[in-house]
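Below: the structure, in structure tokens.
The values are calculated or read from the model by the stated rules, or taken from the named source; none is laboratory data. Keep in mind that what you see is a predicted model, and the values were worked out from it rather than measured. Glycine gets a Cβ as well: all are built from the backbone with ideal geometry, and neighbour counts include every protein chain shown.
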Amino acid sequence: MAENGTDCDQRRIRMSKEQHNGNFTDSSMLSERKRREREERLNIVLWKKPLVTLQYFCLETLINLKEWTIKLWRRRGVLVCVLLALAVLTAMYYIEGAHQQYVRYMEKKFFWCAYWVGLGILSSVGLGTGLHTFLLYLGPHIASVTLAAYECNSVNFPEPPYPDQIICPDEETTEGSISLWAIISKVRLEACMWGAGTAIGELPPYFMARAARLSGAEPDDEEYQEFEEMLEHAETAQDFASRAKLAVQNLVQKVGFFGILACASIPNPLFDLAGITCGHFLVPFWTFFGATLIGKAVIKMHIQKLFVIITFSKHIVEQMVALIGAIPSIGPSLQKPFQEYLEAQRIKLHHKSDSAVPQGENWLSWIFEKLVIVMVCYFILSIINSMAQSYAKRLQQKMYSEEKTK
């Protein structure tokens, strides 16, 4: 009996080892297959496979439109209420009356805020790459207001044409009367709206990680997989990047609201990891979003805004132009276009179009315009590639499901 019991135990241990080895083999094969499929998807880009990429992009667009239509139909009650509200607002917009001045004011403010919120979302969410709208749009806007404020000694620019065009007010002001706080207040609305947009753009990683934790699924997302690998090898992390990511993860996980606030309040390229961490550990939505909104739209935005205003204040700009001129050999030739650009901006501010200063396009403006075009085109290409790769992922998952059912 004892020998039979021993044989049974040994047989059970042997079967358990074989099963464990089989699971280990299956797991390694599955991970290898996922790696190969990911590499195949990454090759679906416009400059390698243009026809396939465009075809997959169109098919993914149609699938998304179908899914959104189904979701809207399921929430048709809410949709009807929204349409009725829009109909009432449209009627108020077109019916003449004393309320029209308030309608025009609200329309202007709404579209101005929506513009900056949209740019903030584009800068943060990105679908694979963000459009750096602070460098391309908000930063130059703050810099233009700062230069104009010091030139006009006022921030009371006539509206209209502000904000489309900045010109000095007609009333005379004493030189040096402009304050730093006045400039901060002038650009606060657009800066805070842009910051709110970046906070909204941080929600997808949070929702992705939260849904994965609740459902038990493992999304095929590189950042999420990197996060799980980081958790597994937390104790053996040696390099600086891994330690920095672990520091962010520990700060968010242990400190909570104030940890998220600290990460969101400084320029932090690892903040996507904070969103994944909060979603993975099921941090309440309003704790995550509230801290992110305050950090990005209030604290961080004022830090960035203050930096731009100080950098483009009148005496700093004059010192920078003088330093450019002091560069040996090429200094004067580099200094000239900067001086012409600043002089052209002063002329525009004072309506002196009849001045002898040439009004032709400055090469600095030309370079900046082409940079904006290149960045926007790259952003559009990244969206096309990302959506095409999403459709390729659908095909791979469908093929895997069919293999399992056989």
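Check the range 45-52 and report whether any residue there is surrounded by 10 or more Cβ atoms within 10 Å (Cβ to Cβ) and among the charged types (D, E, K, R).
Yes: the range 45-52 contains one or more residues that are surrounded by 10 or more Cβ atoms within 10 Å (Cβ to Cβ) and among the charged types (D, E, K, R).
Output the residue which, of all residues in the range 294-344 that are among the aromatic types (F, W, Y) and under 30 Å from I200 (Cα atoms), is modelled with the highest pLDDT.
Start the filter on the range 294-344 by keeping residues that are among the aromatic types (F, W, Y), which leaves 307, 312, 338, 341.
Then drop every residue that is not under 30 Å from I200 (Cα atoms), which leaves 307, 312.
Working: F307: 88, F312: 83.
Looking at the filtered set, the residue picked out is F307.
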Q.
Just to be sure I understand, how many residues within the range 281-335 are farther than 30 Å from N250 by Cα and not in a helix (DSSP H, G or I)?
A. 7
Q: Note down all Cβ pairs under 7 Å where the first residue falls in the range 140-167 and is in contact (Cβ under 8 Å) with a residue 40 or more places away in the chain, the second is in a loop (DSSP other than H, G, I, E, B) and of a type in the set (S, T, Y), and they're at least six residues apart or on different chains.
A: T146/S313; Y150/S313
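Would you point out which residue out of E159, E171, E218 is at pLDDT below 75 and within 30 Å of I316 (Cα to Cα)? Walk me through it before giving the result.
On the way: E159 fails: at pLDDT below 75; E218 fails: within 30 Å of I316 (Cα to Cα).
Among E159, E171, E218, only E171 is at pLDDT below 75 and within 30 Å of I316 (Cα to Cα).
Out of curiosity, is L62 at pLDDT 80 or above, among the aliphatic types (A, V, I, L, M), part of a helix (DSSP H, G or I) and surrounded by fewer than 10 Cβ atoms within 10 Å (Cβ to Cβ)? Outline the logic, then answer.
Working: at pLDDT 80 or above: yes; among the aliphatic types (A, V, I, L, M): yes; part of a helix (DSSP H, G or I): yes; surrounded by fewer than 10 Cβ atoms within 10 Å (Cβ to Cβ): no.
Spelling it out, it is not the case that L62 is at pLDDT 80 or above, among the aliphatic types (A, V, I, L, M), part of a helix (DSSP H, G or I) and surrounded by fewer than 10 Cβ atoms within 10 Å (Cβ to Cβ).
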Q.
For the list (1) over 20 Å from A211 (Cα atoms); (2) surrounded by fewer than 17 Cβ atoms within 10 Å (Cβ to Cβ); (3) polar (S, T, N, Q); (4) in contact with a Gly (Cβ under 9 Å, 6 or more places away or on another chain), I need the number of the one condition that T287 fails.
A. (1)
